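Please read the structure below before turning to the comments.
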Amino acid sequence: MISVLQFLRILLAGRHSSVAGVSASILQLQRFEADLQQDFFALASRSGKPRGLRWISCEWPGELQIVADEDHQLISAFAAVNIGFEAIEGGDMEDVKAVSTIRDGSAVFHFQNGSWGSAGRVIFNMDPVKAAEHLMPNAQPVFHRKADQ
């Protein structure tokens with residue numbers, strides 16, 4: 001795990017992605033992380049996915065992977081989440097015992113037009129590193145934070 005200061009030194013040394021605004025985007029994400037998490041939960045819980053389930057909780061263990069895709073000039077972040085659901089009354093999932101099992105995954109965020117945002121997308125059963133590799137195989141990791149650091 002490297003600190004933000006160490007990361008900025010790496011950037012200044014020229015060992016970084018050429019995607020414009022990488023360092024500023026990381027600092028902005030860290031500054032507004034709590035707000036982004038709330039926005040993510042609000043969007044995801046209204047999405048109707050997974051079908052038949054209601055979002056009741058979203059824990060953020062702290063792991064974070066930020067990647068930069070130079071071909072598409074896109075910076076994306078993948079944050080570890082632990083999500084709790086309950087069955088919607090009268091729905092298909094009402095009698096499924098596994099509904100109450102906490103689900104692990106990665107919340108997806110993108111940096112566009114100078115700010116971070118999310119569509120409420122979560123990649124289930126993948127930690128942030130694996131989710132980034134899966135969704136953006138050509139992107140380069142530019143920042144990683146382990147859980148609870």
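Nothing in this text is a laboratory measurement; each read-out follows from the coordinates by a stated rule. Since the structure is predicted, the reported quantities are computational estimates derived from the model, not experimental observations. Here Cβ is always computed from backbone atoms with ideal geometry, including for glycine, and neighbour counts include all displayed protein chains.
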Cα pair distances in segment 25-100, grouped into 5 Å bins until the bin that holds the longest one, percent each: 3, 13, 21, 18, 15, 12, 9, 6, 3, 0
Between Ser115 and Ser23, what is 0.36 nm times their sequence separation minus the Cα-Cα distance? Round to one decimal in nm. 31.9 nm
Convex hull volume per residue for the chain, taking Cα atoms only, in Å³: 106
The FRET efficiency for Ile102 and Arg31, from their Cβ-Cβ distance with R0 = 35 Å and rounded to 0.05, is 0.80
If each residue of separation counts as 0.36 nm, what is the full-extension length gain between Met93 and Gln140 once their alpha-carbon separation is subtracted? 13.0 nm
Förster-model FRET efficiency, 25 Å R0, Glu86 and Lys130, C-beta, rounded to 0.05: 0.40
Just to confirm the filter: which GluC sites (Glu not before Pro) across segment 45-94 are DSSP coil and have at most 13 other Cβ within 10 angstrom of their Cβ? Glu70, Glu89, Glu94
Helix-only estimate, please: 222 nm mean residue ellipticity of the chain, summing -39500 (n - 2.57) across DSSP H runs of length 4 or more and dividing by its residues, to the nearest 500. -8000 deg cm²/dmol
Treating only the Cβ of Lys, Arg, Asp and Glu as charged (+1, +1, -1, -1), what charge dipole size does segment 4-145 show about its Cα centre? Round to the nearest 20 debye. 300
Determine the sum of side-chain charges near Ala107: Lys and Arg each +1, Asp and Glu each -1, restricted to other residues whose C-beta is under 15 angstrom from that of Ala107. -1
Highest mean first, what order results for 78-84, 122-128, 44-50 on Cβ atoms within 10 Å? 78-84, 122-128, 44-50
